[in-house]
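Report on one structure; see the data block that follows.
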Amino acid sequence: MQRPHGRSARVRYQVHQAVIDLLADRTVDELSIPLVAERSGVHQATIYRRWGSIPVLLSDLVAAGPARTAPLPDTGTLRGDLDAYAAAVADSLAGPLGVLMLRAAVSNIPPDPDRGPSAVLLERTRQLQDMLDRAQARGESPPSVDRLLELVVAPLYFHALFGPPAGAEQARRLVDRLLASPATRQPGSLLPEPDGDRPVDLATDAG
């Protein structure tokens, strides 16, 4: 991937890439700011000033993950965009660092029940909303971002954390379910009716 322009973006890219490289043969517990600085070529003081600690750095890496590993597609149709995006997310989660990054994100979630949304969720939601807004501008009738998160993204993450990661075909079936759901279908829609009112079965619809 081409390095981004701008010093701040380049520093973030270099540090993130260094962490990814280090995690290829180390555990999260073995990471340290000095190791990251040595691998990235970014001074320790800069890393400490910007991130402060390894947990904060890992959270930032995970938050940036969707844009890096599953960029927004632009196929010209809502269905094409959803299929391509879901397949890209499934592919990235099935990669060698997918589960590790997810577990790093989960490990940094505070136990406070009143906590707000995580940086990962905020970044993912922003990307998805951009894609849905683009479909709306084309005259299509996209689902809400909450519905997309519930029926497509959440099952992909669930399986990556607790079972075999979903593949591209399983991701496509989740998109089928989203587009066929009553909450998504619009008056006059040519989409087929769903199979009754059965809720999404994660074990069946995502592997």
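The values are calculated or read from the model by the stated rules, or taken from the named source; none is laboratory data. Since the structure is predicted, the reported quantities are computational estimates derived from the model, not experimental observations. In this analysis, Cβ positions are derived from the backbone assuming ideal geometry, glycine residues included, and neighbour counts consider all displayed protein chains.
Here are a few things to note about the model shown:
- Per the listing VAL28, VAL11, VAL15, the residue uniquely under 24 Å from LEU122 (Cβ atoms), surrounded by fewer than 19 Cβ atoms within 10 Å (Cβ to Cβ), modelled with pLDDT of 90 or more and not assigned by TED's automatic domain parsing to the domain that holds LEU179 is VAL11.
- Checklist (1) within 13 Å of the chain's Cα centre (by Cα); (2) at pLDDT 95 or above applied to SER118, failing item: (2)
- Residue match in the range 148-155 (condition: in contact with a Pro (Cβ under 9 Å, 6 or more places away or on another chain) and at pLDDT below 85): no
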